[in-house]
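Here is the structure we will look at, set down as structure tokens.
The values are calculated or read from the model by the stated rules, or taken from the named source; none is laboratory data. Quantities reported herein were computed from a predicted structural model and do not represent experimental measurements. Cβ coordinates were reconstructed from backbone atoms using ideal geometry, including for glycine residues, and neighbour counts include every protein chain displayed. Only protein heavy atoms, including side chains, enter the accessible area calculation; ligands, DNA and RNA are left aside. Shrake-Rupley method; radii C 1.70, N 1.55, O 1.52, S 1.80 Å.
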Amino acid sequence: MTQPTRDGQLRYPESPSQTAGPYVHIGLALEVAGLPPRDVEIGPEIATRDAEGEQIEIVGTVIDGNGDVVEDILIEAWQADANGVYQTDYRADRAFRGFGRSAPGEHDAGELALHTIKPGRVAHPNGQPMAPHINLMLFARGINIHLHTRLYFDDEAEANAACPFLARVPPTRRDTLIAARENNDGVPRYRFEIHLQGPRETVFFDF
Amino acid sequence: MAQNDHTAFVMRDRGWHPPAYAPAYKTSVARSPQQALMSLQTPTASELTGPDFDNFALGPVDNDLLLNYREGTARDGLPIGERIIVYGRVVDQYNKPVAGTLVEAWQANAGGRYRHKKDAYMAPLDPNFGGVGRTVTDADGWYRFRTIRPGPYPWPNDVNSWRPAHIHVSVMGPSISTRLITQLYFEGDPLIPLCPIVNTLNDPDAIDTLVARLDKAGSRPMDSLAYRFDIVTRGALQTYFENQG
């Protein structure tokens, strides 16, 4: 009997990432590619109109280091329900799905949109509640491994100020995670801008 | 079945994955964050959960790219190209099967052309080929697709850059912490070492893990060759000691 001496004997290496590429839509956002949708697609409707909670729209853009909108971006969103619970059993036929995908279409000028409900507060491991937030993952040509960030809401100022997770983010960069509520006649709408680089670079997480 | 609520995972080895900034792949230059990623020593339920697709309503030919673009049967027309089976297991870093996870795949046709509004390569579209598939792993982590081998194609990076034949592969795993998109290459393809995207990986051993192997025994005589491609997601760490003291 010998003890394992190399890392590879203790565990396999994770499969390494490769960019999702310019044609990611063929696989993950069929209508944007121009492909006929299948019976069930994972789309931008994280929650239907029948879901419990406050109905909201989220719109936004991703901007590269040159200031150009990343029109071929694909984002994935994962969020808790109105009670702050992650519903891990994904069912497309439920009013609340918890998971969604969005990619700008041909005529959207790079603007992303999600329809959902405002998530409830999820407990931090320290026991305090985190402010409502949506977890986002970004995929695109030129992004070699997807980027993780969070979206918070600017009309939750009190909860944001008390959020133990946001408290760890350097104060000067905290704003990069906060979406702004817009005046909108119908459903409340929040707008975000994700900056991949530059003075307003969004905070991205490793976990 | 919720596979994961608050399981922790083996730390992602960022030196094994490609760096965000890899200037030989030119598009990465303006799309790579320049600030350090913020590492979470205490991940929360937000990071440690994710959608479980065990109950996802798959269509009957979602994993059969030979049949899933055109309505009808094989008699109505099949895609042109080398018929192949691509199969393998999704396991975690401790070789435990990742069951009930969504595996999605997309690819170019045999001529290297994607069925995408934005692909203007001169190679023709194939009326019988869409190029997208999906499936959910079984209890032992196995997945399987039937397709045609995609062609290589030129792309604007260097003056004369070509992608090796590849299939894009996406897996969720038990949590958003294990989310992964990568590319499958084919054993023996001379374009692999010449590709700026492949070469965003610094370690030749990492590249080697993305090369599917011909599995002659798994092939169907007079029908299809088989390629084996296993996918490894981050290892789930057990909580042996509940009490933090």
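Things worth noting here:
- Contact-buried residues of segment B:127-151, at a threshold of 20 Å² lost accessible area versus the chain by itself: B:Val132, B:Arg134 (1.4 Å probe; DNA, RNA and ligands ignored).
- Among the chymotrypsin sites (Phe, Trp or Tyr not before Pro) in segment B:1-97, none sits in a DSSP loop with a Cβ that has at most 10 other Cβ atoms within 10 Å.
- To put it simply, the accessible area of the protein assembly as shown at a 1.4 Å probe is 51 percent carbon and sulfur.
- Modelled label positions at B:Val61 and A:Asp155, each set 7 Å beyond Cα in the direction of Cβ, lie 4.8 nm from each other.
- Under Stokes-Einstein, with the Kirkwood radius over Cα pairs as Rh, the value for segment A:41-195 at 20 °C and 1.002 mPa s is 134 µm²/s.
- Panel note: contact residues of segment A:75-95 (accessible area lowered by at least 20 Å² against the chain on its own; 1.4 Å probe) correspond to A:Trp78, A:Tyr86, A:Thr88, A:Asp89, A:Tyr90, A:Arg91.
- For chain B, the solvent-accessible area of protein heavy atoms averages 45 Å² per residue (probe radius 1.4 Å; ligands and nucleic acids excluded).
- Estimated at the nearest 10 Å², the accessible area of A:Glu14 is 10 Å² with a 1.4 Å probe.
- Applied to segment A:30-40, the Karplus parametrisation 6.51 cos²θ - 1.76 cosθ + 1.60 on θ = phi - 60° returns per-residue 3J(HN,Hα) values of 4, 5, 5, 6, x, 9, x, x, 7, 4, 10 Hz, with x for Gly and Pro.
- Simple Cβ-charge dipole of segment A:1-106, Lys/Arg +1 and Asp/Glu -1, about Cα centre, in debye nearest 20: 560
- Between A:Thr48 and A:Gln3, the simple spin-label model (points 7 angstrom out along Cα→Cβ) gives 5.8 nm.
- Per the Debye calculation on segment B:17-156 with a single equal scatterer at every Cα and no solvent contribution, log₁₀ I(q)/I(0) for q = 0.13, 0.19 Å⁻¹ amounts to -0.83, -1.15.
- In this assembly, the A-B interface accounts for approximately 7200 Å² of buried accessible surface in total, computed with a 1.4 Å probe and without ligands, DNA or RNA.
- Per residue value of the accessible surface for segment A:41-195 (all protein chains in place, 1.4 Å probe), Å²: 39
- Cβ-derived FRET efficiency at R0 22 Å, B:Met222 paired with B:Thr73, nearest 0.05: 0.70
- Zero-based 10 Å bins, Cα pair distances in the protein assembly as shown, whole percents: 4, 21, 32, 27, 12, 3, 0, 0
- Neighbouring Cβ atoms from other chains, within 10 Å of the Cβ of residues in B:180-187, number 5 on average.
- For the pair segment A:174-207 / segment B:1-72, the C-alpha centres are spaced 21 Å from each other.
- Assigned charges on the beta-carbon of Lys, Arg, Asp, Glu; chain A dipole about Cα centre (debye): 780
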